[in-house]
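See below for the structure under consideration.
The values are calculated or read from the model by the stated rules, or taken from the named source; none is laboratory data. Computed from a predicted model, the values in this text were never measured in an experiment. Here the Cβ is made from the backbone with ideal geometry for all residues, glycine too, and neighbour counts use every protein chain on show. The area values use the complete protein model at the heavy-atom level, side chains included, leaving out ligands, DNA and RNA. Shrake-Rupley method; radii C 1.70, N 1.55, O 1.52, S 1.80 Å.
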Amino acid sequence: MQLTGSVTHPAVPYPAACVGTPLVTFLTLLVNVTNQRLEKEFRQRQRQAEQLTVTGDEEYDFVLVGGGSSGCVLAERLSQNPDVKVLLLERGGTEPFASRVPAFMTANIRANIAEYITGVPEAANCNGTGCQLTVPQVLGGGSTINAVMYVRGSSVDYDDWATMVGDPSWNYENVLPYFKRAEKNMDASIAADTKYHSTSGHLRVSWQPYRHPVIPLLAEAMEAAGEPFRLDINAEGQLGYSLIQTTTSGGERWSAYRGYLQPALGRPNLKVLTYATATRVVLEGPERRAAGVEYRDAAGKVRFARANREVILTAGAIGTPHLLMLSGIGPADELKAANIPVLVDLPVGEGLQDHPRVPGLEFECAPPLCEVDWKLRRRDLLQYAALRQGPLSETSLVQIGAFLRTGLDPPPPEGTGKPAKQPDVQVVFMGVDEDSNGTRCLANDPWRFNRVVYMPVLLHPRSRGSVRLNATNPSGPPVVRLGYFTDEGDRDIAVLVDSFKLGLRMEAPLQKLGLRLDRSTKYAPKCRALEFGSDEHLRCIARSTTATIWHWVSTCRMGRDDDDEAVVDARLRVKGVRGLRLADASVFPTLTSGNTNAPTIMVAERAADLLREAHGLA
Ligand SMILES: Cc1cc2nc3c(=O)[nH]c(=O)nc-3n(C[C@H](O)[C@H](O)[C@H](O)COP(=O)(O)OP(=O)(O)OC[C@H]3O[C@@H](n4cnc5c(N)ncnc54)[C@H](O)[C@@H]3O)c2cc1C
């Protein structure tokens with residue numbers, strides 16, 4: 001949030017042993033070029049802001065805070081009506097070109113398009129040191145830096161949402177049209193199923209054009225281990241293994257910025273300000289009406305944008321609760337501790353849910369199956385530059401995966417009273433490139449790799465975390481506690497331990513196909529003394545290799561009017577104030593069965609309708 005004077009902030013350094021290697025030299029160059037372009041945009045914005053004379057309030061119909069996945073959707077949808085004036089404030093810059101290359105996900109998240117926050121260290125998870133959160137800070141938000149997996153979740157998720165919020169308009173039957181409204185499916189065999197899919201939305205969805213030779217082997221091993229194949233996880237069900245579609249088109253990322261916002265940028269009734277950080281929603285009068293947003297522009301000047309109709313926060317599940325608390329809307333004790341006047345006492349920032357991933361089992365992959373030679377990388381770059389094909393058009397191995405239901409009791413149905421039929425685990429694969437000394441230059445997605453990681457993700461955790469103010473520096477990065485594996489009875493970790501069984505069953509078939517399971521557990525030194533594959537060993541791996549899969553939600557969750565833990569009602573209005581809605585991942589009543597970008601975009605599409613309806617707009 002402190003973007004005055006420069007756009008730079010600390011990124012994750014490469015290990016010392018990697019500096020000077022051709023791969024890291026190339027990526028450092030790429031990140032530097034990307035950062036220079038962002039810096040240039042920042043300076044331009046700064047000059048514009050300095051030249052602007054303050055002539056009183058700027059006035060709009062709607063003021064949107066946060067130009068990420070949800071903000072891009074709403075800015076486009078609301079400004080379709082030329083009589084409606086819309087302002088979008090985004091603290092970061094414009095999506096850089098490099099982010100279009102699916103394989104540069106790692107490079108992107110080291111560039112200045114994200115803020116890095118270390119979660120509160122907890123003994124139960126993340127090796128006791130706190131997981132690192134990569135929080136988007138760029139137009140497009142998560143959709144610009146994510147792993148592009150297109151997963152809607154289970155129909156049960158939304159039926160549960162409807163029950164939790166007491167409003168059938170959130171059930172699966174009613175949200176499906178919003179998923180379809182957003183989607184432009186590019187693959188004929190999927191698009192043919194018009195009950196579930198559409199080809200006329202803004203968000204392009206397709207299979208990635210390149211398939212690493214390991215992908216069919218992982219499929220074969222899952223088949224041998226008893227998992228059924230599923231063609232389309234976004235239709236009748238999810239269980240089984242699948243080739244997952246992605247938010248890409250023609251080998252390039254298709255973010256919400258590219259699909260929604262960029263084509264709308266020329267509209268005279270839409271103003272998009274980058275490097276503009278909202279610092280407070282201003283509430284006026286006894287009704288506490290959201291009159292507008294105070295923000296700091298690129299020149300560091302504090303300005304006010306008036307919203308004649310509504311303010312909508314789309315700053316994400318970390319940014320939105322943070323801004324609400326800075327505005328005096330949040331838990332009274334916490335606001336008082338930070339010397340912020342309490343305007344509305346609400347459980348903002350409580351109940352954070354996230355999907356922990358556990359990079360738990362590693363398979364060694366030797367040439368010719370897995371080649372990591374720099375000459376080949378150079379060839380990949382040329383192939384991508386000329387054709388948008390080859391390994392750079394792929395985001396590591398994320399396009400192959402599985403959804404499982406462990407043998408344990410299903411998660412509690414969150415108020416529905418009916419048995420859950422949704423998966424409780426998603427299995428994701430990832431490549432890791434390790435040199436002969438065991439050094440890993442890139443944590444994720446090295447685009448050429450010699451180890452394949454089996455990585456279960458817990459889909460419906462009972463554990464909860466929080467987003468809190470830093471009492472000594474409230475406007476600085478908030479304090480995020482992920483809370484993984486802190487549930488009573490240790491059910492969450494038990495599900496993950498069970499989910500390793502598929503990986504262990506894959507050992508024999510993969511061995512035959514040339515991928516050997518590394519039983520040394522060197523990637524989790526604390527666990528090496530334990531019997532490999534025992535529950536104790538797997539629990540130890542889960543607690544020491546935990547990482548986030550970046551799906552934080554529910555920090556301002558939607559709920560019934562009489563639900564004391566809810567922050568917004570079923571129409572996304574913040575309780576106790578007027579003219580203020582939230583429309584991002586923070587409002588999810590509970591996590592969905594899979595990645596969260598498509599569900600967030602669905603929420604934003606729905607929010608656009610709610611707003612048009614509330615204001616009698618076409
Ligand atoms: C690294 C990563 C990988 C992921 N992989 C996948 C995946 O493969 N598939 C998938 O479906 N999902 C994935 N996700 C999750 C998904 O992208 C997010 O759930 C989704 O983008 C959330 O959208 P949002 O609109 O709620 O927030 P965001 O997209 O995070 O947008 C919030 C925006 O608000 C801005 N902002 C915050 N505070 C302020 C302020 N005070 N003033 C102005 N602007 C502000 C931020 O800069 C940001 O641009 C991933 C996320 C990450 C980070």
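General remarks:
- Between 0 and 90 degrees, the angle of helix 316-326 with respect to the longest Cα principal axis of the chain falls at about 40 degrees.
- For the range 98-170, the fraction of alpha-carbon pairs lying more than 21 Å apart is 54 percent, rounded to a whole number.
- Translational diffusion coefficient (Stokes-Einstein; Kirkwood radius from C-alpha pairs) of the range 209-335 at 25 °C, 0.890 mPa s, in µm²/s: 126 µm²/s
- The alpha carbons of the chain occupy a box of 71, 54, 52 Å along the principal axes, longest dimension given first.
- Shape of the range 304-425, Cα gyration tensor, a/c cut at 1.5: oblate
- Rolling a 1.4 angstrom probe over the protein heavy atoms with all chains in place gives the chain an accessible area of 36 Å² per residue.
- Surface composition of the range 434-489: carbon and sulfur atoms hold 45% of the protein heavy-atom accessible area at a 1.4 Å probe.
- For the residue pairs 184/421; 180/301; 336/526, the alpha carbons lie more than 30 Å apart in 180/301; 336/526.
- Selected from 515, 29, 302, residue furthest toward positive end of dipole (the chain; charges at beta carbon): 29
- When the alpha carbon gyration tensor of the range 567-618 is reduced to an equivalent ellipsoid, the three semi-axes, largest first, read 21, 14, 6 Å.
- Under the Karplus curve 6.51 cos²θ - 1.76 cosθ + 1.60, θ = phi - 60°, whole-Hz ³J(HN,Hα) for the range 114-126, x wherever Gly or Pro sits: 8, 10, 9, 10, 8, x, 4, x, 9, 4, 6, 8, 6
- Diffusion coefficient, µm² s⁻¹, Stokes-Einstein with Kirkwood Rh over alpha-carbon pairs of the range 316-361 at 37 °C and 0.692 mPa s: 280 µm²/s
- Sequence ranges 305-311, 522-528, ranked by mean other-Cβ count within 10 angstrom, highest first: 305-311, 522-528
- Helix 69-79 and the longest principal axis of the Cα set of the chain meet at an angle near 40°.
- The range 496-618, dipole about Cα centre (Lys/Arg Cβ +1, Asp/Glu Cβ -1), debye to the nearest 20: 540 debye
- Selection from 552, 600, 527, by position along the positive dipole direction of the range 498-618 (Cβ): 527
- In Hz, Karplus ³J(HN,Hα) per residue of the range 147-153 (6.51, -1.76, 1.60; θ = phi - 60°; x = Gly, Pro): 8, 6, 5, 9, 9, 7, x
- Within the chain, helix-based [θ] at 222 nm, where runs of 4 or more DSSP H residues each add -39,500 (n - 2.57), nearest 500: -8500 deg cm²/dmol
- Accessible area (Å², 1.4 Å probe, nearest 10) - residue 164: 30 Å²
- Here the Karplus curve 6.51 cos²θ - 1.76 cosθ + 1.60, taken at θ = phi - 60°, turns the phi angles of the range 245-253 into couplings of 6, 10, 7, 9, 8, x, x, 10, 4 Hz, with x standing for Gly and Pro.
- Against the chain, whose longest principal axis comes from its Cα atoms, helix 155-165 is set at around 30 degrees.
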